[in-house]
Structures are given as structure tokens and as C-alpha cells.
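For reference, the structure discussed in these notes is given below.
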Amino acid sequence: MTRILVHIDKLVLRGFADADAGTLADEISRAVANELGNHALEAPLITLGDQARIRAGKVTTAATPAGTGQAIAQCIVGGGKA
């Protein structure tokens, strides 16, 4: 069994209320772990190696923090924008 540990040292969110930042950060961490758990072997993030920074780029927000976290996580696991 492969163990996946997600650690986000610094998360920069632009366009979100400060009050929503903690919830959104939790949702992003949860969604990244889930995405890697489901697609780890094919995830571009894995092949990038050690990255100091991943830029997700522009993400369309969802109706819930969980949905927005999922959208951001997909960008992160996909390797971010070029």
C-alpha cells in the first residue's frame, strides 16, 4: 500500500474572503489527497518531482468550498499551469 502525505506549506488564495481561507485550505488538502489516491501513478504532479511552487492558475469557483477545493486540487495534481 502506498502512503500519500499532503503538506501545503503556504497557500496563496486571491479573490477569496479571509473568513473562507481556512475552510478552503482544508478542502484543497483533502481533495489533493483524494486525487492522488485515485490517480497517483498517472498524475503529472508525481513526475514533476520536488517543486518549490505550483501555480494552479485561474479556477472557476463552485457553489461550495468543497467544489472549489476539488477544482483547485485537480489543477494542482495536473501539474499546474505552464
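Bear in mind that the values in this text are calculations on the coordinates, not laboratory data. The model shown is predicted, which means the values in this text are computed figures rather than measured ones. As a convention, Cβ positions derive from the backbone with ideal geometry for all residues, glycine included, and neighbour counts pool all protein chains shown.
Taking the highest mean first, how do the peptides 68-78, 21-31 order by number of other beta carbon atoms within 10 angstrom per residue?
Order by mean packing, descending: 68-78, 21-31.
Count charges around Ile28 for me, please; just the other residues with Cβ under 12 Å from its Cβ, Lys/Arg as +1, Asp/Glu as -1. List each step's numbers first, then the result.
Details: positive: Arg30; negative: Asp20, Asp26, Glu27, Glu35.
Summing Lys/Arg as +1 and Asp/Glu as -1 gives -3.
Please list the non-local residues whose amide H lies under 5 Å from the amide H of Gly79, H modeled 1.01 Å from N, same-chain partners needing a gap of 5 or more.
Distant-sequence amide H within range of Gly79: Leu45.
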